[in-house]
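Every number here is computed from the coordinates shown, using simple stated rules; none is lab data. Nothing here was measured: the structure is a model prediction, and the numbers come from that model. Don't worry about glycine lacking a Cβ; one is built from the backbone with ideal geometry, like all the others, and counts go over all protein chains shown.
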Amino acid sequence: MWDERFRTDEYVYGTAPNDFLVRVADQLPEQSRILALADGEGRNGVWLAKQGHHVHSVDGSKIALEKARVLAEQADVSIEFEQADLINWRWPQNQYDAVVAIFIQFAGPEVRRRLFKDAIASLKPGGLLVVQGYRTEQLAYGTGGPPQEENLYTEQLLKSELSGLDVLMLSAHDCVIHEGMGHSGMSALIDYVGRKP
Ligand SMILES: C[S@@+](CC[C@H](N)C(=O)[O-])C[C@H]1O[C@@H](n2cnc3c(N)ncnc32)[C@H](O)[C@@H]1O
């Protein structure tokens, strides 16, 4: 399904980085080792690499990865790309200064809880988890994101499922975003940054 979505000359979520990621990026130590989860066509991984970070960009879609490689080449940055199914991935342990999870809402509750647990385990102590996703209220806007309510976030859900982290930021808000044709218009968002103790 994802390959089909990405099989177009356009970058479905644009080539500019996610605004929230740009806003919080000053919290990342210089030259961080960063895992960009479900990084798609690479807009976020490439931008992080341009800031001097060492990026491991993982996504399940072969087509998305091909487009991400082109974006990285154009930006003249080097990224460790990997095509993998994160649901059955051998997650590195205690490896990353940050894990970036921008719109990775492809999983229902059971798998999501496992993914969050794995993401936390992959962080070094003191590492940051950066998450932006859609809230359940997004269903009424219909401007992007999965149609399954159970895949969407609430503040309570993130607090509970990421309880292993110290919360540095948790903000639910509605705003207009323009991220290619995939995310476009008024959106019900939630921003999260947590630190592994
Ligand atoms: C909404 S897109 C977001 C892409 C990127 N994070 C961004 O913000 O531009 C969701 C991404 O999840 C990836 N994905 C879906 N299921 C996956 C899985 N099981 N393992 C790895 N990646 C997956 C898709 O290929 C797609 O790139």
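Some points to look at:
- Placing unit charges on the Cβ atoms of the charged side chains and taking the dipole of the chain about its Cα centre, the candidate lying farthest along the positive direction among Ala68, Ser57, Ala140 is Ser57.
- Backbone N under 15 Å from the Tyr141 label point (7 Å along Cα→Cβ), restricted to the range 155-170: 155
- Ranked by how many other beta carbons lie within 10 Å on average, peptides 113-121, 49-57, 179-187 from highest: 49-57, 113-121, 179-187
- The length gained by stretching the chain between Asp19 and Ala172 to full extension, at 0.36 nm per residue less their Cα-Cα distance, is 53.6 nm.
- For Lys117, a cut-off of 20 angstrom between C-alpha atoms picks up these lysines, skipping any fewer than 8 places away in its own chain: Lys159, Lys196.
- Put a plus charge on the Cβ of each Lys and Arg, a minus charge on the Cβ of each Asp and Glu, and nothing anywhere else: the dipole of the chain about its Cα centre is then about 520 debye.
- Under 5 Å, built H, 5+ apart or other chain: amide partners of Ser32: His54
- A protection proxy built from the mean count of other Cβ atoms within 10 Å ranks the segments 66-75, 94-103, most packed first, as 94-103, 66-75.
- Estimated 222 nm signal from helices in the chain, with DSSP H stretches of n ≥ 4 weighted -39500 (n - 2.57), rounded to 500: -8000 deg cm²/dmol
- Between Asp85 and Glu73, the contour length at 0.36 nm per residue exceeds the alpha carbon distance by 1.9 nm.
- Only aspartates and glutamates eight or more places from Lys62 in sequence, or on another chain, were considered; those with a Cα closer than 19 Å are Asp3, Glu4, Asp9, Glu10, Asp39, Glu41, Glu73, Glu80, Glu82, Asp85.
- Computed over the Cα atoms of the chain, pair by distinct pair, the Kirkwood hydrodynamic radius stands at 16.6 angstrom.
- Reachable aspartates and glutamates from Lys124, criterion Cα separation under 12 angstrom, eight or more residues apart if same chain: Asp97
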